[in-house]
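Data first, discussion second: the structure below is written as C-alpha cells.
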Amino acid sequence: QNEKISDQEKVENKTPSQPAVFIPVDRSPEIQEARLKLPVLAEEQVIMEAVRENPCVVICGETGSGKTTQVPQFLYEAGYASEIIGITEPRRVAAVSMSHRVAKEMNLVVSYQIRYEGNVTSDTKIKFMTDGVLLKEIQKDFLLQRYSVIIIDEAHERSVYTDILIGLLSRIVPLRNKKGMPMKLLVMSATLRVEDFTDNTKLFRTPPPVIKVDARQFPVTIHFNKRTPMEDYTGEVFHKICKIHRMLPPGEDEDEETSETMRKFKKAKQKKTVSLPRIDLDNYSALPVDEGDEDREAGIGDEEDEGSDLDIGDDPASIEEKADPSIPLYVLPLYSLLAPEQQAKVFRPSPHGTRACVVATNVAETSLTIPGIKYVVDCGRVKKRFYDRVTGVSSFRVTWTSQASANQRAGRAGRTEPGHCYRLYSSAVFGDFSLFSEAEITRRPVEDLVLQMKDLNIDKVVNFPFPTSPSAEALVAAEQLLVSLGALKEPPRTGRVKEMEQARLSCPITPLGRAMASFPVAPRYAKMLALGRQQDCLPYVIAVVAAMTVREIFEDLDRPACSEDESSKLIQRRARLTQMRRLWAGQGASLLLGDLMVMLGAVGACEFAGCTPKFCEENGLRYKAMVEIRRLRGQLTNAVNAVCPEVGVFVNPKMTPPTEHQVVCLRQIVLAGLGDHLARRVQAEDILDPKWKNGYKTPLLDDPVYIHPTSALFKTLPDFIVYQEIMETTKMYMRGVSAIEAEWIPELLPQYCHFGSPLESPSPWLCSSTGTIKCHRSSTFFRVGWQLPAVEM
Ligand code: ADP
Ligand code: MG
C-alpha cells in the first residue's frame, strides 16, 4: 500500500536515475487526508517510475481521480522542480482555479498565466497556463529551457492548441534530451480515446507507456426517457429538476447538475412551458446576483406560472404538483465565461438548509469536478460552432453529443455515493450518438495555426505530426489566405505541376508574416494591425480589432419577454439601445465604417465613462466584453510596440473620435484585412428572384447574404462592403459590416482581381465561377497615404 509510505521511505526508495532531492511539502492534516482518498495517489510510484524511465508518459484516469491537482505535486516532491513544472489547460477557468487549489494543498505559491493575466515570478516552481500561452512561449524559445516538465492536461478535449502542443513537444523533448537538458512530457486525459496519441507513429516512434488510474466510482443508475423531446428539451430539463427536487431525497451534499446552457434554460422558462412547483420563490435571493451580464443570464429567479401541463412521459406516477419540499433550492450557474469568484461557489457548501443545483455547460463534464453530486440531468445536447470551409459561413447549432460525453456526464453523479443520471432521450437515440466527439482541429479554419507554425519555421505544415490532421483542403485554404494577406511568400506560378503543387503547400513566411504572427489575433486582424500606423490610425485599429476579437460586445436585443409588462419595457429598451448604436455610428463619413464604427464608438464612450458596469448596463454593452477589450487593447499596443519599437505608440484608453480623413483610412485598412470577405449589392436590374432584394453577392456563395437589421448599414445598403463573418440564423447574415469604395478594390486587392478592359464592366464584378473579382484599374483612386509600413524585424 503505497498510500502508507512515509516521506522517509520515499527518500530511501529512490533509484539513482531519480533527481537527487526529495522536496518535502507542508500540507495541512485535512488536505493530507483528502488526498489519500484520491485514486491517483495509489499510482504515485508507478507514475514516477514511468516518468523516470521514459521521456513521455500518458496518464489516463476518470475525472476527479486527482490527476490535475496531484501529479504536479508528485513531480515537485520528486525533485523535478529544478526548472518550472508547467501544466497546460484548454480553459482559462481551469488554469486559474487549479493553480489556486494546488497552492492551497501545498501551502506554496503556485502561479498561473492566462491570456491577460498571471502571477508568475522568478521563484515560480509550478505554473498552470492555457495551452495558447505555452504555444506563444514556444515561439520565443523553441526548447522551452525554463521548463523541466510539461504536463498537457485534458488532452481528451482535443482542443486545437493542445493537439499542436503535443505535436511540437513530441519533437522538442528528444531535442532537449539530445542536448543534455532532459525534459519530461506528461499527457493526461480522461478515460477517452488515447490511441490517437499512443498509436500514432508520426508522433512517437516508441509508443509512450499509458498508466491507467482506476477511479473509485460509485454505481450510477441510468434512466432513459421513453420519448425524446425534440423542441423544448430545456423545458424538460427544468421540469425534471423540479421533480427530482420534490420527490427524491437529497444526497450527502445535495446537488443536481444539468448539462445545459444558461441561455436555453432561461428561454425555456420565458416561454412559460415549464412550471416551477413549490420551489421557494423568495429564496432566489440565494441566487448570486451580480453586475456582469453573463451572470445574470443564468438566473431563473423570476415569477413562474403555475399549472403547466407538461407531460413527463417516462414516469407513469402522476406528479403531485402541490408537494412542498421544505428545503429551498440553491441554484448556481457554471460556465466558462463566468467570473472566477462566481465559479468558485460550486466548490463551497451550499447555505445551510438548502439543496444545491448546478446548471452547467460542458465545462462540468471533465474540467471541473464538483463535489457531492447525486443526480445528473442530461439533455444530451451540445451547442457547437459549425463552420463551412467552402463558404466560410458560421453557425451555432445544438446537436446531439457523443456517447463518450454522455457517459462522462453520467459519471459526475457517482463521485461520493451511488447516483442517478436522467437522460432526457431514449436509449435508441443514445445508440445513434457518435462514439466520440470530433477533434476541434477538423471543425474550424486553421489559418491562425498555419501562420503560427510557419513562424516556427515549420514550412511544410502538411507533414506536421498532428494527433489528428486537419483536412488537406483546410490547409490549402489557409495557405492561400495567408499568401493573399502577404504573410507568406507567393509560390511560383510556373514550373512543373508537381513542384508547383508542393510549393503551394510550403510557402515560407515573410517579414510581414512574422510581425503578424506576433499579434495574438487572427491573421486578417493582424494584417490590419500591421497597417495601422498610418495616419495615426493605430489606436483606432487596435480598438476595432480588440472589439472584433471578443465574442460579442452588445447585449442580445432579441431576448424574448416574460410578461406583457416586461415586453413593453423591452421594446423601450430596444429602441433606446438602437438609438445609442446609431449615435455611435455617427453620420456621413463615419457611418460608412459601419458596424466597426459602432464598435469604436461604444469602446470610446465606455472608456470615457470609466468602463463601469452601470454604463454598460444602461447602454446595452456586455461589461465583461468591455473589460476584455480594455485588456486586449493594452496587450495589442505592447505587441505592436515590440515589432516597431521606434514608433512607440501610446494608447490612451480615452481616445478622441477619429477624423473624417482617418475614417477613410480605417475603411481601407479594414478592406486590406478582410479582402476575401467582400460582398457586392445586387443591382435592381439584376433582381430576377425576389430573394435577391436587398441581397448581396459574395464570390463563393450562390445564395444572397444580407445585412442584419441591427447593423448600422441596414438602411444605407452600400454597393460594396466587407464583413467580419457570415452567421446563418434565419437567413445568412453578415456581421461587422463596413462600406468600401469600388475603386479601392483593384488597388488594395490586386491579388483577387482579374483585370479586363474598362469597357467590359464599369464597376468591379464578383465572378462566382472563379471566385475572383473582375475589374479595371481606375485613375480616380483616392489614396490616403497608403503603403505598407516597415515591419522588418
Ligand atoms: P482530475 O484532474 O483527475 O479530474 P482533480 O485533480 O481535478 O482530478 O480533482 C481531484 C479532487 O480535488 C476532486 O475530488 C475535486 O473535487 C477536488 N477539488 C478540485 N478543485 C477543488 C477546489 N477548488 N476545492 C475543493 N476541492 C477541489
Ligand atoms: Mg483534471
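The values are calculated or read from the model by the stated rules, or taken from the named source; none is laboratory data. Just so it is clear, the structure is predicted and the values come from calculations on it, not from any experiment. Here the Cβ positions follow ideal geometry from the backbone for every residue, glycine too, while neighbour counts run over all protein chains shown.
Annotations
- Every residue from the range 583-616 that is within 24 Å of the chain's Cα centre (by Cα) and among the charged types (D, E, K, R): 595
- Qualifying residues in the range 217-246 (those that are in contact with a helix residue (DSSP H, G or I) (Cβ under 6 Å, 6 or more places away or on another chain) and not β-branched (Val, Ile, Thr)) - the one surrounded by the most Cβ atoms within 10 Å (Cβ to Cβ): 238
- Meets criteria (at positive phi, over 24 Å from the mean Cα position of the chain (by Cα) and surrounded by fewer than 20 Cβ atoms within 10 Å (Cβ to Cβ)) for residue 457: yes
- The residue list 731, 697 contains one member that is more than 24 Å from residue 521 (Cβ to Cβ) and under 26 Å from the mean Cα position of the chain (by Cα), which is 731.
- Count of the range 514-529 residues which are outside any helix (DSSP H, G or I) and either of a type in the set (Gly, Ala, Ser) or in contact with a strand residue (DSSP E or B) (Cβ under 8 Å, 6 or more places away or on another chain) (or both): 2
- Those residues of the range 188-216 which are within 16 Å of ligand 2 (Cβ to nearest atom) and either assigned to a strand (DSSP E or B) or over 24 Å from residue 87 (Cβ atoms) (or both), in sequence order: 188, 189, 211, 212, 213
- Every condition in (1) buried (at least 17 other Cβ atoms within 10 Å of the Cβ); (2) closer than 24 Å to residue 514 by Cβ is met by residue 750 except one, and the failing one is (1).
- Evaluated against (1) over 22 Å from the mean Cα position of the chain (by Cα); (2) surrounded by fewer than 18 Cβ atoms within 10 Å (Cβ to Cβ), residue 149 falls short on exactly one condition, (2).
- Residues located in the range 68-96, provided they are more than 11 Å from ligand 2 (Cβ to nearest atom) and of a type in the set (Val, Ile, Thr): 84, 85, 88, 93, 96
- Every pair of residues 6+ apart whose Cβ atoms lie under 7 Å, when the first sits in the range 50-66 and is within 13 Å of residue 194 (Cα to Cα) and without any contact (Cβ under 8 Å) to a residue 40 or more places away in the chain while the second is basic (Lys, Arg) and within 15 Å of ligand 1 (Cβ to nearest atom): none
- At least 1 residues being within 17 Å of residue 394 (Cα to Cα) and hydroxyl-bearing (Ser, Thr, Tyr) is the threshold, and among the strands (runs of 3 or more DSSP E) wholly inside the range 679-744 those reaching it are 732-735.
- Residue 175 away from ligand 1 (no atom under 16 Å from the Cβ), part of a helix (DSSP H, G or I), hydrophobic (A, V, I, L, M, F, W, C) and under 28 Å from the mean Cα position of the chain (by Cα): no
Okay, residues lined up against (1) over 21 Å from the mean Cα position of the chain (by Cα); (2) at pLDDT below 90; (3) away from ligand 2 (no atom under 16 Å from the Cβ); (4) aromatic (Phe, Trp, Tyr):
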| residue | (1), (2), (3), (4) |
| --- | --- |
| 352 | yes, yes, yes, no |
| 372 | yes, yes, yes, no |
| 386 | no, yes, yes, yes |
| 394 | no, yes, yes, no |
| 407 | yes, yes, yes, no |
| 411 | yes, yes, no, no |
| 417 | yes, yes, yes, no |
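- Conditions (1) touching a residue at least 60 places away in the same chain (Cβ under 8 Å); (2) surrounded by 21 or more Cβ atoms within 10 Å (Cβ to Cβ); (3) basic (Lys, Arg); number of the one not met by residue 127: (1)
- Residue within the range 97-113 that is charged (D, E, K, R), surrounded by fewer than 21 Cβ atoms within 10 Å (Cβ to Cβ), within 15 Å of ligand 2 (Cβ to nearest atom) and within 24 Å of the chain's Cα centre (by Cα) present: yes
- Restricting attention to the range 139-155, the residues that are of a type in the set (S, T, N, Q) and not in a loop (DSSP other than H, G, I, E, B) total 2.
- Search result, residues across the range 530-567 that are in a helix (DSSP H, G or I), at negative phi and modelled with pLDDT under 85: 534, 564, 565, 566, 567
- Of the residues 483, 462, 398, 429, the single one that is more than 29 Å from residue 510 (Cβ to Cβ) and more than 20 Å from the chain's Cα centre (by Cα) is 429.
- Selected residue [of a type in the set (Val, Ile, Thr) and in contact with a Lys or Arg (Cβ under 7 Å, 6 or more places away or on another chain)] from 59, 47, 31, 23: 59
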